[in-house]
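To start, the structure itself, in structure tokens.
The values are calculated or read from the model by the stated rules, or taken from the named source; none is laboratory data. Bear in mind the structure is a predicted one, so any value in this text is a computation, not a measurement. Please note: Cβ atoms are built from the backbone with ideal geometry, for glycine as well, and neighbour counts cover all protein chains shown. Only protein heavy atoms, including side chains, enter the accessible area calculation; ligands, DNA and RNA are left aside. Shrake-Rupley method; radii C 1.70, N 1.55, O 1.52, S 1.80 Å.
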Amino acid sequence: MRSKPEAALLIVAHGSTVNPDSSAPTLAHAAEIRRRKIFADVACAFWKEEPSLRDAIFLFDPKSVRDVCVVPNFISEGYFTQTVVPRELELNDRTTRRATGQIWRYCDPVGNHPMMTELLLKRANDVAPDIDPAESSLLIVAHGTDLNENSAVAAKREAEKIRALAKYAAVLNVYMEERPLVSDWRTLTKTRNVVVVPFFISDGLNSYEDIPVLLGIVDAAPSPRSSHEGATRRRVHEVFRRNPYTIDNRSLFYAPSIGTDAGFADIIIEQALSAKS
């Protein structure tokens, strides 16, 4: 793999003020990339957590780091990648030269990378390794609604790409708040086995509480909002460990969010290295 020993990598993500686990995958991917020693430095910045996007402008010494590759850890292009991140990082375009002479290169979000399709297939296989895909349905779940229009489009794009491979009996993009609804999975699918992969960056309330409720596995997702943090995390992991769920004589396999897969580190690296030198 190529390296950029003269460049730093900045991974930017949303973060959360209510869910401390929201930033965990981004921090884990950064640690893995740092271990590989591809870049001079690797750091993270968040919209809703520290270090903030605004503070990230000053993270890298311009005397030793001449280039900074900024990779948005987001599923799709949208308001945050097109407006918030460039504004907070004071980016003029894909390439921005600071007054210090330091050059910042703004990369595509991870969700746009072609490797995403392979990663989704891997995640589906990891959660249900012993089933025959030809006799199973795969559901890729996004949020939906106009507020998340681009993530819905990204889920549809990935579903179409996987469908074209003809591995699964059916591949559907479904949503929490628009049709086709994930809560209608019983009528949307006909196969005995159903594999569900949340198309999110981290395992937040959507993936460990809301979607399980919509799927009908509410006993595995008691509300953590008012619970002790340690107990909450134990219940979060329990949601994914109880596979398969037997519902109406069918087997439902529920995977953690795609963004928690270790393979995201490879995608982040590829996005950074693809930035023009």
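Under the condition of being closer than 19 Å to residue 42 by Cα and part of a loop (DSSP other than H, G, I, E, B), which residue from the range 73-89 is most open to solvent (accessible area, probe 1.4 Å)?
74
Go through the range 175-204 and give me each residue that's open to solvent by less than 60 Å² (accessible area, probe 1.4 Å) and either hydroxyl-bearing (Ser, Thr, Tyr) or in contact with an Asp or Glu (Cβ under 8 Å, 6 or more places away or on another chain) (or both).
175, 176, 183, 189, 191, 193, 199, 202, 203, 204
With assigned to a loop (DSSP other than H, G, I, E, B) and more than 24 Å from residue 143 (Cα to Cα) as the only criterion, which of 42, 65, 70 stands out?
65
Applying the selection to the range 100-118, what residues are of a type in the set (S, T, N, Q) and open to solvent by less than 10 Å² (accessible area, probe 1.4 Å)?
Scanning the range 100-118 gives a single hit, 102.
Filtering the range 193-210 down to residues that are at pLDDT 95 or above and over 16 Å from residue 111 (Cβ atoms), which residue is nearest to the chain's Cα centre (by Cα)?
196
Any residue at all in the range 230-245 that is within 14 Å of residue 183 (Cα to Cα), surrounded by 14 or more Cβ atoms within 10 Å (Cβ to Cβ) and at pLDDT 95 or above?
no
Could you go through the range 6-28 and let me know if any residue there is over 22 Å from the mean Cα position of the chain (by Cα) and surrounded by fewer than 20 Cβ atoms within 10 Å (Cβ to Cβ).
yes
Select from the range 121-136 the residues that are assigned to a helix (DSSP H, G or I), in contact with a strand residue (DSSP E or B) (Cβ under 6 Å, 6 or more places away or on another chain) and not basic (Lys, Arg) and write down the one among them that is most open to solvent (accessible area, probe 1.4 Å).
Among those that are assigned to a helix (DSSP H, G or I), in contact with a strand residue (DSSP E or B) (Cβ under 6 Å, 6 or more places away or on another chain) and not basic (Lys, Arg), it is 127.
Quickly run through the range 90-99 and pick out the residues that are in contact with a Phe, Trp or Tyr (Cβ under 6 Å, 6 or more places away or on another chain) and either closer than 23 Å to residue 154 by Cβ or open to solvent by 10 Å² or more (accessible area, probe 1.4 Å) (or both).
Within the range 90-99, 91, 94 qualify.
All but one of (1) hydrophobic (A, V, I, L, M, F, W, C); (2) in contact with a strand residue (DSSP E or B) (Cβ under 7 Å, 6 or more places away or on another chain); (3) modelled with pLDDT under 85; (4) part of a helix (DSSP H, G or I) hold for residue 275, so report the exception by its number.
(4)
Out of everything in the range 137-166 that is under 18 Å from residue 263 (Cβ atoms) and among the β-branched types (Val, Ile, Thr), what residue ends up being surrounded by the fewest Cβ atoms within 10 Å (Cβ to Cβ)?
That would be 162.
Find all pairs meeting these conditions: Cβ atoms under 6 angstrom apart; at least six residues apart or on different chains; first residue within the range 164-192 and free of Cβ contacts under 8 Å to residues at least 12 places away in the same chain; second residue open to solvent by 30 Å² or more (accessible area, probe 1.4 Å) and not in a loop (DSSP other than H, G, I, E, B).
Qualifying pairs under 6 Å: 180/188.
Of the conditions (1) in contact with a Leu (Cβ under 9 Å, 6 or more places away or on another chain); (2) touching a residue at least 12 places away in the same chain (Cβ under 8 Å); (3) hydroxyl-bearing (Ser, Thr, Tyr), residue 79 clears all except one; give me its number.
(2)
Confirm whether residue 43 is free of Cβ contacts under 8 Å to residues at least 12 places away in the same chain and within 19 Å of residue 269 (Cβ to Cβ).
So residue 43 fails the test.
Only residues that are open to solvent by 10 Å² or more (accessible area, probe 1.4 Å) and assigned to a loop (DSSP other than H, G, I, E, B): list them for the range 45-59, please.
If the condition is that a residue be open to solvent by 10 Å² or more (accessible area, probe 1.4 Å) and assigned to a loop (DSSP other than H, G, I, E, B), then 47, 48, 49, 50, 51, 54, 59 are the ones that fit.
When the residues of the range 246-277 are narrowed to those that are of a type in the set (Val, Ile, Thr) and surrounded by 21 or more Cβ atoms within 10 Å (Cβ to Cβ), which ends up nearest to residue 37 (Cα to Cα)?
269
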